[in-house]
Amino acid sequence: MSHALVIGGTGMLSNVSLWLVSQGYHVSVIGRNLQRMESLLGRSTDKHAITPVFVDYSDDNQLKEELKSTIEKNGPCELVVAWVHSYAESAIETISQEVSIQNGEWRLFHVLGSNKDINEIKRKINIPESCKYRQIQLGFILENDHSRWLTNEEISQGVIDSIQNERLIHTVGTIEPWEKRP
Ligand SMILES: NC(=O)c1ccc[n+]([C@@H]2O[C@H](COP(=O)([O-])OP(=O)(O)OC[C@H]3O[C@@H](n4cnc5c(N)ncnc54)[C@H](OP(=O)(O)O)[C@@H]3O)[C@@H](O)[C@H]2O)c1
């Protein structure tokens with residue numbers, strides 16, 4: 001069974017975690033809150049296809065240990081979807097390093113907020129050769145004269161589209177014109 005990892009997979013990316021299960025992946029999901037994790041497991045068609053990984057991703061050492069352990073148990077990660085708050089600066093690199101220790105190519109879908117400079121982020125991150133790095137930028141929706149932020153369902157669907165279509169860079173909604181954001 002292929003192994004996927006979703007960081008922040010109990011929140012707005014819940015539908016991504018569940019979709020990956022439906023696609024036959026074993027999915028490791030990182031979060032901290034038991035209730036959110038139980039709610040995700042309760043929605044899954046197969047509870048056993050999800051490994052909850054309870055860790056604060058801002059704690060590099062703990063994150064490394066938990067990643068090692070889930071990779072040992074569930075096999076090399078072929079696909080990683082990461083929604084990581086910017087205060088945990090080194091988490092993406094820690095994840096990349098740990099996942100790359102395994103053999104073979106893997107894909108990283110990095111989900112980023114509307115106000116992030118995605119080119120600068122790509123320049124700064126040290127991406128290992130074995131990693132195919134993809135970016136998904138969250139935008140907003142312009143409807144007639146109104147604008148609104150994306151719903152969790154739209155965010156997850158945008159991430160699923162990126163995975164299905166192998167997009168290098170994908171904007172969910174729009175970030176232009178920026179002055180029209182909600
Ligand atoms: N358009 C945009 O640019 C944009 C950007 C960002 C967010 N948003 C909106 O804002 C809402 C709130 O954002 P949010 O980030 O709170 O989304 P969220 O996806 O609902 O929650 C964050 C996810 O990351 C996990 N997480 C957070 N900090 C963690 C840590 N230190 N260690 C491990 N796991 C951690 C959370 O699990 P635990 O709670 O269990 O730790 C949860 O799974 C979203 O629902 C979205 O609609 C919009």
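We did not get these values from a lab; they are worked out from the coordinates using the rules stated. These numbers were taken from a predicted model, which means no experiment stands behind them. Please note: Cβ atoms are built from the backbone with ideal geometry, for glycine as well, and neighbour counts cover all protein chains shown.
Numbers below:
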{"quantity": "Enclosed volume per residue, in Å³, of the convex hull spanned by Cα atoms of the chain", "calculated": "119 Å³"}
{"quantity": "Rounded FRET efficiency, nearest 0.05, which uses the C-beta distance separating Gln164 from Glu72 and R0 of 22 Å", "calculated": "0.15"}
{"quantity": "Residues with amide H under 5 Å from that of Arg107, placed H, sequence gap 5 or more", "calculated": "Leu79, Val80, Lys132"}
{"quantity": "The chain - percent relative contact order, Cα under 8 Å, separation 6 or more", "calculated": "19 percent"}
{"quantity": "Inter-site label distance for Gln157 and Glu129 at 7 Å from Cα along Cβ, in nm", "calculated": "4.1 nm"}
{"quantity": "Which of His26, His170, Asn144, positive extreme of dipole for the range 3-180 (C-beta unit charges)", "calculated": "His26"}
{"quantity": "In sequence order, calculated HN-Hα J values of the range 169-182 (Karplus, 6.51, -1.76, 1.60; Hz; x Gly/Pro)", "calculated": "9, 9, 9, 8, x, 9, 10, 10, x, 4, 5, 9, 5, x"}
{"quantity": "Electrostatic dipole magnitude of the range 3-180 [Cβ: Lys, Arg +1; Asp, Glu -1; Cα centre; debye, to 20]", "calculated": "180 debye"}
